[in-house]
Amino acid sequence: MPIAARPRPAGTLGRMADYREVRVERLYVKVPNTDKLRKGAAGQHRYLLADGWREMERSQEPDHVRVRYERTGHPPLKARLPRPEKEQFRFERRPRGQGRDGRGGGRGGPRR
């Protein structure tokens, strides 16, 4: 009997899809057609591996190595924070325009 046709007990959930992130990076090499990475590319590779990414595929190009990374886990709760709503009005904390002696003078300019 196939899995999909098998009756499930009441109150159980079906299989949920895995959350998977895929990332493809170009890591540049020191000498063309070799595998020795540049210092920055080697650091980026080490950082991604330490951050939970797994190297899935690697292909050699003349001046770089194309590496495909994957990681799985729980989906992020909110990928982006919502933008704050604009305030209805802005009030000035200190009035501008008139100086102490009443001659105007806003921001900047020479003193008299």
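Numbers below:
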| item | result |
| --- | --- |
| Residues satisfying the stated conditions in region 65-79, i.e. part of a strand (DSSP E or B) and either at negative phi or under 14 Å from the mean Cα position of the chain (by Cα) (or both) | 65, 66, 67, 68, 69, 70, 71, 72 |
| Identity of the residue in region 21-64, part of a strand (DSSP E or B) and in contact with an Asp or Glu (Cβ under 6 Å, 6 or more places away or on another chain), that ends up farthest from residue 76 (Cα to Cα) | 56 |
| Residue ID - surrounded by the most Cβ atoms within 10 Å (Cβ to Cβ), chosen from residues in region 62-85 that are among the acidic types (Asp, Glu) and in contact (Cβ under 8 Å) with a residue 12 or more places away in the chain | 70 |
| Checklist (1) at pLDDT 90 or above; (2) part of a loop (DSSP other than H, G, I, E, B); (3) in contact with a Lys or Arg (Cβ under 8 Å, 6 or more places away or on another chain) applied to residue 107, failing item | (1) |
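The values are calculated or read from the model by the stated rules, or taken from the named source; none is laboratory data. Here the structure is a predicted model, which is why all the values come from computation and not from measurement. With ideal geometry, Cβ positions are generated from the backbone for all residues, glycine too; neighbour counts draw on all protein chains shown.
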